[in-house]
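No value in this document is a laboratory result; all are computed from the given coordinates. In this text, all values refer to a predicted model and were calculated from it rather than measured experimentally.
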Amino acid sequence: MENMARFKFQIIKYTLIAAIILEVGSIPILGFSLVYLCGLISGTLISIMGFLILLYMSEKVLSSGVKWMASLGTLLQLPFYGVAFYICMKTGGLLAGVACVIGFMTTRLSMIYVHGIKSRLSARKKSSEGE
């Protein structure tokens with residue numbers, strides 16, 4: 001359980017860092033755009049909420065053994081993604097919609113970083129120290 005809390009904190013931390021990097025990286029291209037920022041924030045927060053739903057459902061599946069709950073967790077996330085995207089498109093136009101979709105990807109980026117890039121770098125570092 002402690003590993004799950006650490007994993008959750010790590011993913012959320014890197015998700016927020018990715019969102020900040022994406023916002024700062026957009027400033028030279030778009031200038032400071034409040035519409036882009038709001039879309040990015042809403043997409044990132046919905047993405048974090050979807051991640052927390054996924055974790056909750058996976059804990060339920062592991063504790064109860066009921067496999068269909070995993071599909072229920074995925075189906076529960078979809079309306080939130082759709083509503084957030086629709087609201088962004090209606091209020092901020094295409095820029096907010098694109099920013100919202102980019103915000104949806106921040107959690108995936110953080111998972112790729114934590115479990116792909118960071119873990120491989122630490123494994124290489126350990127193997128070079130062992131030689």
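Under conditions of 25 °C and 0.890 mPa s, the chain yields 151 µm² s⁻¹ as its translational diffusion coefficient, taking Rh as the Kirkwood radius over Cα pairs in the Stokes-Einstein equation.
Let me check against my output: what whole-number percent is the relative contact order of the chain, with C-alpha pairs under 8 Å and at least 6 apart?
Numbers: 118 pairs, mean separation 48.1, N = 131.
Dividing the mean separation by the residue count of the chain yields 37 percent.
Can you give me the span-like helices of the chain, meaning DSSP H runs with 30 Å or more of Cα extent along the axis and Kyte-Doolittle mean at or above -0.5?
Sorted by number, the helices that extend far enough and score high enough are 2-30, 34-64, 68-112.
As a check on your grasp of the helix formula, calculate [θ] at 222 nm for the chain: sum -39500 (n - 2.57) over DSSP H runs of n ≥ 4, divide by the residue count, round to the nearest 500.
Working: 4 runs with 117 residues, N = 131.
The helix contribution divided over the chain gives -32000 deg cm²/dmol.
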